[in-house]
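Beneath this line is the structure, given in structure tokens, with notes to follow.
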Amino acid sequence: MGKSPQILSALKLVAQVAKENTSVILVGESGTGKELFAKAIHYNSPRADRPFVALNCAAFPDTLIESELFGYEKGAFTGAEKYKPGKIEMASGGTLFLDEVTEMSFSAQAKMLRVIQEREFEMLGGNKTMRADIRIIASTNRRLEQMVAEGKFREDLYYRLYVYPIIIPPLRERQEDVPVLIDHFLLKLNREMGRKIAGISPQAREILVNYSWPGNVRELQNVMERMLILCKGSRIEMSDLPWYLLEKSPRLLSTGLVDNLKGSLENHLQQVESDALLKSLKKCGYNKTKAAEILG
């Protein structure tokens, strides 16, 4: 979502490469939407009717990443009680998305190089060479060239992946997209949460637009969800905004409104909490232990 030159340029690159079988690397900060870009490439490609399989390389330790990628035969190692297909096999004919590829171990990097070059692989504990009919899209939030220079990422794999880089800009560099995203998330979350919030007050919108969003689009979506939960009226007001956003608003700081808002926000949060407690108590016949379990 967006209309800024930066996001439109990135989307143009997506459109140009989608029809090809070229490996793509998406470079951007956490929360910028790298997986959405990967899906946009896949679902606009000739492989669209085949699987899109994602692997978060940062979520697995070195000892497990290879079994997740390549799968294993029964008895391949202690605990391998049955055959398990890996992500490469599961993505056959489709796209394998390697999220945060820089977190992959050197051993796994070497094996992935073979997959890209030869389009084949072997399962752990297996002796049969299998065909890897996949397109590879990788992503990173780090500077790959710097990691190569420091010996933290294989140079040969870097050149194989860096065929077609797409840089996804952070939200602070495309401020004109924030209002578009706000309206998009308001519509989306109203539908998903069964709410009927009509809009956002001009003052609240101004604070959202002028915030730097270090967590990018993901942070904006999370803030929007929180505000819809807190909002008691027909539109989102400044008192529904998280305190840290108000605290960093230059306009509020200069006018001294922050202190006044802090009191009303704390009262508002107390009321929301009180309502949630009472609702849970009523639901379980005022059994405090059950209410505590429901609320976690």
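Within the set of pairs 6+ apart or on separate chains, which have a first residue in segment 118-147 that is under 21 Å from Pro165 (Cα atoms) and in contact (Cβ under 8 Å) with a residue 24 or more places away in the chain, a second that is assigned to a helix (DSSP H, G or I) and basic (Lys, Arg), and C-beta atoms under 7 Å apart?
Partner pairs satisfying both residue conditions: Ser139/Lys34.
May I ask you to list the residues in segment 175-210 that are of a type in the set (Asp, Glu), touching a residue at least 60 places away in the same chain (Cβ under 8 Å) and surrounded by 15 or more Cβ atoms within 10 Å (Cβ to Cβ)?
Asp177
Return yes or no: is Thr22 exposed (fewer than 13 other Cβ atoms within 10 Å of the Cβ) and closer than 29 Å to Val148 by Cβ?
no
Identify, by number, the condition in (1) assigned to a strand (DSSP E or B); (2) in contact with a Pro (Cβ under 7 Å, 6 or more places away or on another chain) that Leu55 doesn't meet.
Among (1) assigned to a strand (DSSP E or B); (2) in contact with a Pro (Cβ under 7 Å, 6 or more places away or on another chain), Leu55 violates only (2).
Of the residues that sit in segment 109-121 and are under 16 Å from Ala91 (Cβ atoms) and of a type outside the set (Lys, Arg), which one is surrounded by the most Cβ atoms within 10 Å (Cβ to Cβ)?
Checked segment 109-121; the qualifying residue surrounded by the most Cβ atoms within 10 Å (Cβ to Cβ) is Met112.
Output yes when any residue across segment 169-191 is farther than 30 Å from Ile229 by Cβ and either among the small types (Gly, Ala, Ser) or in a helix (DSSP H, G or I) (or both), and no when none is.
no
Pairs needed: first member in segment 11-38, free of Cβ contacts under 8 Å to residues at least 60 places away in the same chain; second member anywhere, aliphatic (A, V, I, L, M); C-beta distance under 7 Å; at least 6 residues apart or different chains.
Listed pairs, sorted by first residue: Ala18/Ile41.
So Glu219 clears everything in (1) within 22 Å of Gln175 (Cβ to Cβ); (2) of a type in the set (D, E, K, R); (3) at pLDDT below 95; (4) under 28 Å from the mean Cα position of the chain (by Cα) except one condition, right? Which one?
That leaves (3) as the condition not met.
Tally time: how many residues in segment 222-248 are in contact with a Phe, Trp or Tyr (Cβ under 8 Å, 6 or more places away or on another chain) and either buried (at least 19 other Cβ atoms within 10 Å of the Cβ) or among the aromatic types (Phe, Trp, Tyr) (or both)?
Adding up the residues that qualify gives 1.
Considering only segment 90-108, how many residues are open to solvent by 60 Å² or more (accessible area, probe 1.4 Å) and closer than 14 Å to Val53 by Cα?
1
How many of the residues in segment 148-172 are out of contact with any Ser or Thr (no Cβ under 8 Å at 6 or more places or on another chain), touching a residue at least 12 places away in the same chain (Cβ under 8 Å) and not basic (Lys, Arg)?
Of the residues in segment 148-172, 7 are out of contact with any Ser or Thr (no Cβ under 8 Å at 6 or more places or on another chain), touching a residue at least 12 places away in the same chain (Cβ under 8 Å) and not basic (Lys, Arg).
Taking only segment 122-141 into account, find how many residues are within 26 Å of Ile25 (Cα to Cα), surrounded by 15 or more Cβ atoms within 10 Å (Cβ to Cβ) and out of contact with any Ser or Thr (no Cβ under 7 Å at 6 or more places or on another chain).
Within segment 122-141, residues that are within 26 Å of Ile25 (Cα to Cα), surrounded by 15 or more Cβ atoms within 10 Å (Cβ to Cβ) and out of contact with any Ser or Thr (no Cβ under 7 Å at 6 or more places or on another chain) number 5.
Return yes or no: is Tyr83 within 24 Å of Pro170 (Cα to Cα) and open to solvent by 60 Å² or more (accessible area, probe 1.4 Å)?
Considered against the rule, which asks whether it is within 24 Å of Pro170 (Cα to Cα) and open to solvent by 60 Å² or more (accessible area, probe 1.4 Å), Tyr83 comes out as no.
Taking segment 281-291 on its own, how many of its residues are out of contact with any Lys or Arg (no Cβ under 8 Å at 6 or more places or on another chain) and either open to solvent by 100 Å² or more (accessible area, probe 1.4 Å) or touching a residue at least 12 places away in the same chain (Cβ under 8 Å) (or both)?
5
With respect to Ala76, is the statement that it is assigned to a loop (DSSP other than H, G, I, E, B) and at pLDDT below 95 true?
Yes, satisfied.
Listed here are the residues, each with its yes/no results for (1) more than 19 Å from Pro165 (Cβ to Cβ); (2) more than 21 Å from the chain's Cα centre (by Cα); (3) open to solvent by 40 Å² or more (accessible area, probe 1.4 Å).
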{"site": "Met1", "(1), (2), (3)": "yes, no, yes"}
{"site": "Gln16", "(1), (2), (3)": "no, yes, yes"}
{"site": "Leu26", "(1), (2), (3)": "no, no, no"}
{"site": "Tyr43", "(1), (2), (3)": "yes, no, yes"}
{"site": "Gly71", "(1), (2), (3)": "yes, yes, no"}
{"site": "Lys74", "(1), (2), (3)": "yes, yes, yes"}
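The values are calculated or read from the model by the stated rules, or taken from the named source; none is laboratory data. Keep in mind that what you see is a predicted model, and the values were worked out from it rather than measured. In this analysis, Cβ positions are derived from the backbone assuming ideal geometry, glycine residues included, and neighbour counts consider all displayed protein chains. To get the accessible areas, we keep the full protein, side chains included, count just its heavy atoms, and leave off ligands, DNA and RNA. Shrake-Rupley method; radii C 1.70, N 1.55, O 1.52, S 1.80 Å.
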